[in-house]
Amino acid sequence: MPTFPPHPTQVATRLAVGVVELQKQIVAGTSLPVTSPQSQFRAGLEQLSVLCLAHSVRPPAHHQEAVQWLHTPMEQWLGLESTMATAGLSGALLFHGVPTEYAYDLAFRVEGDSNLEIDDLLFKDILEYCQQNRLEGQYTNARQFLVEHSCLQQGTHLINSNLDWDKPIAELLCAIYERIPLKARVTGSETEMVALCPRCGWTLEWYGDYASCYSDLCGRLVERIHHPDRWIPYHPEMVRVNRGVQQYVVAPERMLLVLKSALEQMGATCELWVAVDSYDLWVQFPSGVRWAIDLKDYSSPTRLASAFKPFKRYPEWDECFYVIPDYRKVGNYNEQLQATWKARCQREPELQDIKICYVKQMLKKAERVAGGRV
């Protein structure tokens, strides 16, 4: 046992990596449920016990109690409320026995240990290849293809049959897709079926009567996720994008396509991921006013504010915006975001011209610009 207690962030991250790795094994059918005793996150539970004892708090006495802790927001852990909150930790690590969005966010930060990061590296390889070879059109097409095709019913045939792809891009796109796991296949009266998430289009996984998507976010936003309307027949060649790409590329950017469509209906010209991802969306209104937009979706407002960086100047723009989905504006999320961002702008004056807003705010401002009222 170490002489000094571990930092709360170390404890939370180790637990998050543990439950995420366990979830991978469950989906693959090689492990018991997360709520059963497992060695993968035992070290995290041991560190939690050390942290508790250092603060004169009784640690979880048995596995079932530990699982209850993991289902409880960390800032509500009895006796450790201020300790976890001061470390910037908020949110639960499990939801109905499945890792939460916040757990995946924490696990993703660990270089070399997270399966999510390995998954997402395939997409980053596409970005790097397109940047090196100045393939702006192929990058935009590849990224949009993934966002619009989180599930391919005929396997990767749609990719391989398109001769316009550079071979390395086609190979990386194919590698991003994975077979449909047993947890996502439901036996119907005549054939196996797969349900698609109403929000993000990914294949739902089943744990008894509970449906789970790439994170608990869909379960919180979709009221009837356990009773989905869209089912498709399962075929052995069927594939889906891996979880890392679904969480960090596909799901957030479905909102970007909705935003682009709304702006185009106002008469604006829009281009996605210009100059091989200088930023997400370049917009030009009929008046000639040009916007640069980057959509960001983080469960942690402090991490979000820390992730903002100056916009590239090409393609040229008159105003630049970081845009956030409206569903994030709950509790004290916005207050924490604005406080952290204000502190950053005071330290980094070059950030002060950047505007932060939510999708609905952005669209209202766009309506005024498109109508010539600004």
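Quick look at the numbers
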{"quantity": "Any hit, segment 365-374, residues being basic (Lys, Arg), closer than 26 Å to residue 286 by Cβ, more than 21 Å from the chain's Cα centre (by Cα) and surrounded by 12 or more Cβ atoms within 10 Å (Cβ to Cβ)", "calculated": "yes"}
{"quantity": "Positions within segment 153-164 being more than 19 Å from residue 120 (Cβ to Cβ) and either touching a residue at least 60 places away in the same chain (Cβ under 8 Å) or open to solvent by 80 Å² or more (accessible area, probe 1.4 Å) (or both), in sequence order", "calculated": "153, 154, 155, 157, 158, 160, 163, 164"}
{"quantity": "Long-range neighbours under 6 Å by Cβ, at least six apart or interchain, first residue surrounded by 12 or more Cβ atoms within 10 Å (Cβ to Cβ) within segment 303-314, second assigned to a helix (DSSP H, G or I) and not hydrophobic (A, V, I, L, M, F, W, C)", "calculated": "305/340"}
{"quantity": "Helices (runs of 4 or more DSSP H) lying entirely in segment 262-374 (those with 1 or more residues that are in contact with a Gly (Cβ under 7 Å, 6 or more places away or on another chain))", "calculated": "301-307, 359-370"}
{"quantity": "Within segment 283-305, tally of residues that are closer than 15 Å to residue 355 by Cα, of a type outside the set (A, V, I, L, M) and over 16 Å from the mean Cα position of the chain (by Cα)", "calculated": "2"}
{"quantity": "Matching residues, segment 122-140, being surrounded by fewer than 19 Cβ atoms within 10 Å (Cβ to Cβ) and without any contact (Cβ under 8 Å) to a residue 40 or more places away in the chain", "calculated": "124, 128, 132, 133, 137"}
{"quantity": "Residue that is open to solvent by 30 Å² or more (accessible area, probe 1.4 Å), of a type in the set (Lys, Arg) and either within 29 Å of residue 93 (Cα to Cα) or touching a residue at least 40 places away in the same chain (Cβ under 8 Å) (or both), where the choices are 183, 167, 260", "calculated": "183"}
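The values are calculated or read from the model by the stated rules, or taken from the named source; none is laboratory data. Computed from a predicted structure; not experimentally measured. Neighbour counts are summed over all protein chains in view; Cβ atoms, including those assigned to glycine, are modelled from backbone coordinates with ideal geometry. The protein model used for the area step is the full one, side chains on, heavy atoms only, and it has no ligands, DNA or RNA in it. Shrake-Rupley method; radii C 1.70, N 1.55, O 1.52, S 1.80 Å.
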